[in-house]
1. Considering only residues that are surrounded by 16 or more Cβ atoms within 10 Å (Cβ to Cβ) and among the polar types (S, T, N, Q), which ones fall in segment 181-209?
2. Just to verify a result, which residue in segment 23-60, among those that are under 16 Å from I100 (Cα atoms) and not in a loop (DSSP other than H, G, I, E, B), is nearest to the chain's Cα centre (by Cα)?
3. Pick from T271, T294: which is touching a residue at least 60 places away in the same chain (Cβ under 8 Å) and of a type in the set (S, T, N, Q)?
4. With respect to K216, is the statement that it is surrounded by fewer than 18 Cβ atoms within 10 Å (Cβ to Cβ), of a type outside the set (G, A, S), in a loop (DSSP other than H, G, I, E, B) and in contact with a helix residue (DSSP H, G or I) (Cβ under 8 Å, 6 or more places away or on another chain) true?
5. Scan segment 272-302 residue by residue and report those that are part of a loop (DSSP other than H, G, I, E, B) and either out of contact with any Leu (no Cβ under 7 Å at 6 or more places or on another chain) or of a type in the set (D, E, K, R) (or both).
6. Quick check on segment 94-108. Is at least one of its residues in a helix (DSSP H, G or I), among the acidic types (D, E) and touching a residue at least 60 places away in the same chain (Cβ under 8 Å)?
7. Could you tell me whether any residue of segment 78-90 is within 24 Å of E231 (Cα to Cα), surrounded by fewer than 16 Cβ atoms within 10 Å (Cβ to Cβ) and not assigned by TED's automatic domain parsing to the domain that holds V224?
8. Within segment 12-20, is there a residue that is surrounded by 14 or more Cβ atoms within 10 Å (Cβ to Cβ), under 22 Å from R123 (Cβ atoms) and in contact with a Leu (Cβ under 9 Å, 6 or more places away or on another chain)?
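The values are calculated or read from the model by the stated rules, or taken from the named source; none is laboratory data. From a predicted model like this one, the values you see are computed outputs, not experimental measurements. Counting neighbours? That spans all protein chains shown, and the Cβs are built from the backbone with ideal geometry, glycine included.
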Amino acid sequence: MPRQAILVIEDEEKYRRVIGLHLSSAGYDVKAAATAEDGLKLASDVDLILTDLKLPGMDGLAFIEQIRSQNTHTPVIVMSAFGTIENAVEAMKKGAVDFIPKPFSLDHLTVVVEKALEVRKLRDENRELREALGQRYQFENIIGHSRPMQEIFATVMRVAPTRATVLLAGESGVGKDMIARAIHHHSPRRDKPFVKINCTALPENLMESELFGYEKGAFTGANVSKPGKFEAADTGTVFLDEIGDVPPTIQVKLLNVLQERQIERLGSNKTLHIDVRVIAATNVDLRAALEQGTFREDLYYRLNVVPLNIPPLRERKEDIPYLVEYFSKKFNGEISEAALDRFMSYHWPGNVRELENVVERSILLAQGPRVEAADVRIDTDSRSRASATSGDQFLPEGMTLDSYEQSLIREALKRADGNKSQAARLLGLTRNALRYRLTQMGIE
């Protein structure tokens, strides 16, 4: 992976050399110039520009204007010994992303540079995503002709222009991610970062530092300070996917973000104010989690300002023909009427995601030029075996519902070698729900 390039424009040779050596040792490819005029010649192929305000010839403010007329994406950080509020405000108006008054520590410089590059990366990814997918998140391009989906689209159009928090509920694979991105796409924040956080994928001991960042020395291995996901999403949207998996200690901090719009990095007492729009999603019943004591009631009501329940595919089968047509075009295939009947007759427990996989598989493995009924490859074997072994008896002989549940939990823990997160996935539970059941069983 090529190193990120930083252009340093500083007329004082001592400052220019020290900053260049520090950034080079941090792994960056550094270009340097003593004047804005020379800097303009080097600015076309860099990831970030660090410039002094007071320069011989063209000053820093005029330089920023020139850069913005040529390249609207490269972030510019201004540094100056003349660090008045007026200078900072004027630099921001011209397009600078941050302002560092001299003298400053090299550690502080590292933090500011890393934050600017992280925000630039997220904005580039969002811009590339928009360019690559075009108008994918326009509602006419999200397949949903059924009445329930049309009602959801109408609600999204009403809530998108606001900053209201939205809670998306629905089974895995129904399209919560697409709806979250559609809300962001139709909001005034569409050109700002959209940061998705998969709460299930974050280990509990790393979740706080990933979400809120950390300061240098906050823990072993924290050699430099690092901004978190919320900080990187400032002025944009944070999408908290699988919010039901967030442990109680982090729930308290999320509540503070929603109430106060501020965060604290791990290892810091400094409060950072942020402006983010929060969208959360869950595939579990959060009300049941409230009753079990695994999810905070105050956080639930903060998240549930605008609830949107996305129905499973089996409850909106009129969308299936449109989805099949869309996926068949995507994978360059043709679906026969008999094959479509098979798609319509199945109940799709994996929802739209499973339908897409089956369409792709059927097209790849079809015997002829188009997919016939016999070519539709739906993986029902495991479900059939489960039904066949259950017989007519509702529960195994001699077992109560509680003892049967406990035996399933123990078996899942055994198969997962004691890994609670993996066992929870095997059981179809959230990590917090499994932890609650283990406490009830007296298992640490």
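1. Result: S187, T200, S209.
2. L48
3. T294
4. Yes: the conditions hold for K216.
5. Within segment 272-302, I274, D275, V276, N283, V284, D285, G293, T294, R296 meet the criteria.
6. yes
7. Checked against the condition, which is being within 24 Å of E231 (Cα to Cα), surrounded by fewer than 16 Cβ atoms within 10 Å (Cβ to Cβ) and not assigned by TED's automatic domain parsing to the domain that holds V224, segment 78-90 yields at least one hit.
8. No, the conditions are met nowhere in segment 12-20.
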